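Visitor: Pasting in a structure now, in structure tokens, and then I'll have a few things to ask.
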Amino acid sequence: MILTITVNPSVDYLYKTKKFKSGDLNRVTLQKKMVGGKGINAARVASLLGSNVTTTGFIGGENGKYILEQSNCEMLFKSSFIGINENTRNCFTIIDDDGEKTEINEYGGSVKKNNYIELLDLIKYIINNNKITAISINGSLSPNMKDNSYQLLINEIKKVNAEIKTILDSSGTGLINALEGENKPDYIKPNENELSDFLNTEVTTNPHKIKEEILNSKLSDINNIFVSLGNKGVVVKHYEKYFYAQLPPIKAVNTEGSGDSMVGGLLASLDMHADIQKQIAFAISAGTANALEEKTGFIGIEKFKYFLKKVSIVQL
């Protein structure tokens, strides 16, 4: 069984325009309202790939009700959210025909100390009453949460069951503090920009340069790192080994949620106790399959199976 945690989910709005012009009137050619949140997207994909998944986190207000209603309607995974007083945030994405993307994200509602304690208790209960193989902690911290909240969360998970694999898909202070904790995440999944920000280096998609940067940084202590490079593939550190995986080029429909879908594929493979080669194949195939869908955090199973046969993995 899989558990995903999203402390700062969202209601997502996608707008498509022919050519987006800042400071001018823009006409929308397509609009969509969707449940957002990295862990919710990952949960959906892992469920589609056959895993039994529960997702949790904080929701509140009318947006929180919308997330719960829509998640229950999907009937893919179990939702077990903690309620907070403030409204769950909105996030807006504008994409034009040239592929230019503009994002406007609200900060999100405040999480009180008692809410955080309630979440910890719920996670412990779920672990103690189910055979959990992997837990992903996804997305940004809520505005008033302490920088070490993810670090403490991973510590609590490992205290209850040290065998559970933990994936941290986040950035900024939440990630930095988690990497300095007593129990580090078993997996992290930065993209090339997040890796550059973390290491204070120039952005690169060169697999050998990425390997060198990881080797010469404190990230070398992390057992598993999946660096997603969009349409250029993924670089993976697995203990002392490094891999580079690619798929044939595609004409993407919507890349939003592809990183989350990659985590969903990884979670599903961990639920199968797969080796690293299969973990990589599942992750990159799920991320790529998502890019062919208008929906965010969704994959077509036949497309996923097709990509699974086309994955090229080389050791660096």
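The values are calculated or read from the model by the stated rules, or taken from the named source; none is laboratory data. What you are looking at is a predicted structure, and each value in this text was computed from that prediction instead of being measured. All Cβ positions, even for glycine, are placed from backbone atoms using ideal geometry, and neighbour counts span all protein chains on display.
Visitor: Quick one: GLY109 ticks every box in (1) in contact (Cβ under 8 Å) with a residue 40 or more places away in the chain; (2) out of contact with any strand residue (DSSP E or B) (no Cβ under 8 Å at 6 or more places or on another chain) except a single one, so which number is it?
Guide: Unmet condition: (2).
Visitor: Scanning the range 54-69 for residues that are surrounded by 24 or more Cβ atoms within 10 Å (Cβ to Cβ) and either touching a residue at least 60 places away in the same chain (Cβ under 8 Å) or of a type in the set (Lys, Arg) (or both), which turns out farthest from THR88 (Cα to Cα)?
Guide: GLY57
Visitor: Among the residues in the range 134-145, are any in a helix (DSSP H, G or I) and of a type in the set (Gly, Ala, Ser)?
Guide: Looking only at the range 134-145, we keep the residues that are in a helix (DSSP H, G or I), and these are none.
So far as the range 134-145 goes, no, none of its residues is in a helix (DSSP H, G or I) and of a type in the set (Gly, Ala, Ser).
Visitor: Of all residues being in contact with a Lys or Arg (Cβ under 8 Å, 6 or more places away or on another chain) and polar (S, T, N, Q) in the range 182-215, which is surrounded by the fewest Cβ atoms within 10 Å (Cβ to Cβ)? Just the residue, please.
Guide: First, the residues of the range 182-215 that are in contact with a Lys or Arg (Cβ under 8 Å, 6 or more places away or on another chain): 183, 186-187, 205, 211, 214.
Next cut, polar (S, T, N, Q) only: 183, 205.
Details: ASN183: 17, THR205: 15.
Among those residues, the one meeting the criterion is THR205.
Visitor: Hey, ASP221 hits all of (1) touching a residue at least 24 places away in the same chain (Cβ under 8 Å); (2) within 27 Å of GLY99 (Cβ to Cβ) but one; which does it fall short on?
Guide: Against the list (1) touching a residue at least 24 places away in the same chain (Cβ under 8 Å); (2) within 27 Å of GLY99 (Cβ to Cβ), ASP221 comes up short only on (2).
Visitor: Let me ask something additional. Kindly evaluate LEU266 against the criterion of being in contact with a Phe, Trp or Tyr (Cβ under 7 Å, 6 or more places away or on another chain), closer than 18 Å to SER136 by Cα and not charged (D, E, K, R).
Guide: Working: in contact with a Phe, Trp or Tyr (Cβ under 7 Å, 6 or more places away or on another chain): yes; closer than 18 Å to SER136 by Cα: yes; not charged (D, E, K, R): yes.
Yes: the conditions hold for LEU266.
Visitor: Here's another thing I want to ask about it. Taking the conditions exactly as written (more than 24 Å from LYS78 (Cβ to Cβ), polar (S, T, N, Q) and surrounded by 15 or more Cβ atoms within 10 Å (Cβ to Cβ)), does ASN224 satisfy them or not? First the steps, then the outcome.
Guide: Values: more than 24 Å from LYS78 (Cβ to Cβ): yes; polar (S, T, N, Q): yes; surrounded by 15 or more Cβ atoms within 10 Å (Cβ to Cβ): yes.
Considered against the rule, which asks whether it is more than 24 Å from LYS78 (Cβ to Cβ), polar (S, T, N, Q) and surrounded by 15 or more Cβ atoms within 10 Å (Cβ to Cβ), ASN224 comes out as yes.
Visitor: Check every one of the strands (runs of 3 or more DSSP E) wholly within the range 1-44 and list those with 3 or more residues that are surrounded by fewer than 24 Cβ atoms within 10 Å (Cβ to Cβ) and over 13 Å from the mean Cα position of the chain (by Cα).
Guide: On the way: elements: 2-6, 10-17, 28-36.
In the range 1-44, 10-17, 28-36 are the strands (runs of 3 or more DSSP E) which contain 3 or more residues that are surrounded by fewer than 24 Cβ atoms within 10 Å (Cβ to Cβ) and over 13 Å from the mean Cα position of the chain (by Cα).
Visitor: Here is a further query. Give the residue, chosen from GLY109, GLY64, GLY57, that is closer than 19 Å to ILE40 by Cβ and in a strand (DSSP E or B). Quick ask: steps written out before the conclusion?
Guide: On the way: GLY109 fails: in a strand (DSSP E or B); GLY64 fails: in a strand (DSSP E or B).
Of the residues listed, the single one that is closer than 19 Å to ILE40 by Cβ and in a strand (DSSP E or B) is GLY57.
Visitor: Sticking with this structure for a sec: Give me the residue from the range 167-182 that is closer than 16 Å to SER136 by Cα and in a loop (DSSP other than H, G, I, E, B) and, out of that set, nearest to the chain's Cα centre (by Cα). So that I can check it myself, show each step before the final result.
Guide: Initially, the range 167-182 is screened for residues closer than 16 Å to SER136 by Cα, giving 167-171, 174-175, 178-179.
Checking the rest, the ones that are also in a loop (DSSP other than H, G, I, E, B) come to 170-171.
On the way: SER170: 7, SER171: 11 Å.
Checked the range 167-182; the qualifying residue nearest to the chain's Cα centre (by Cα) is SER170.
Visitor: Can you go through ILE127, ILE135 and tell me which one is of a type in the set (Val, Ile, Thr), out of contact with any Ser or Thr (no Cβ under 9 Å at 6 or more places or on another chain), in contact (Cβ under 8 Å) with a residue 60 or more places away in the chain and closer than 23 Å to SER47 by Cβ? It would help to see each step written out before you state the result.
Guide: Working: ILE135 fails: out of contact with any Ser or Thr (no Cβ under 9 Å at 6 or more places or on another chain).
That would be ILE127, the only listed residue that is of a type in the set (Val, Ile, Thr), out of contact with any Ser or Thr (no Cβ under 9 Å at 6 or more places or on another chain), in contact (Cβ under 8 Å) with a residue 60 or more places away in the chain and closer than 23 Å to SER47 by Cβ.
Visitor: Sticking with this structure for a sec: Regarding CYS91, is this residue within 25 Å of ALA291 (Cβ to Cβ) and free of Cβ contacts under 8 Å to residues at least 12 places away in the same chain?
Guide: On the way: within 25 Å of ALA291 (Cβ to Cβ): yes; free of Cβ contacts under 8 Å to residues at least 12 places away in the same chain: no.
Considered against the rule, which asks whether it is within 25 Å of ALA291 (Cβ to Cβ) and free of Cβ contacts under 8 Å to residues at least 12 places away in the same chain, CYS91 comes out as no.
Visitor: Among the listed residues LYS251, LYS278, LYS211, LYS237, which satisfies the condition of being more than 24 Å from GLY37 (Cβ to Cβ) and at pLDDT below 95?
Guide: Working: LYS278 fails: at pLDDT below 95; LYS211 fails: at pLDDT below 95; LYS237 fails: at pLDDT below 95.
Exactly one of LYS251, LYS278, LYS211, LYS237 is more than 24 Å from GLY37 (Cβ to Cβ) and at pLDDT below 95, namely LYS251.
Visitor: May I ask you to list the residues in the range 265-282 that are under 17 Å from ARG44 (Cβ atoms) and without any contact (Cβ under 8 Å) to a residue 60 or more places away in the chain?
Guide: Passing the criteria: only SER269.
Visitor: Among the residues of the range 133-151, is any touching a Leu at 6+ places or on another chain (Cβ under 9 Å) and surrounded by fewer than 18 Cβ atoms within 10 Å (Cβ to Cβ)?
Guide: yes
Visitor: Here's another thing I want to ask about it. Say we look at the range 286-316 and pick out the residues that are of a type in the set (S, T, N, Q) and over 18 Å from GLY39 (Cα atoms); which of these is farthest from the chain's Cα centre (by Cα)?
Guide: Taking the range 286-316 as the starting set, the residues that turn out to be of a type in the set (S, T, N, Q) are 288, 290, 296, 312, 315.
From what's left, over 18 Å from GLY39 (Cα atoms): 312, 315.
On the way: SER312: 23, GLN315: 25 Å.
Here the answer is GLN315.
Visitor: ALA245 is checked against (1) within 25 Å of THR6 (Cα to Cα); (2) buried (at least 20 other Cβ atoms within 10 Å of the Cβ) and fails just one. What number does that condition carry?
Guide: Against the list (1) within 25 Å of THR6 (Cα to Cα); (2) buried (at least 20 other Cβ atoms within 10 Å of the Cβ), ALA245 comes up short only on (1).
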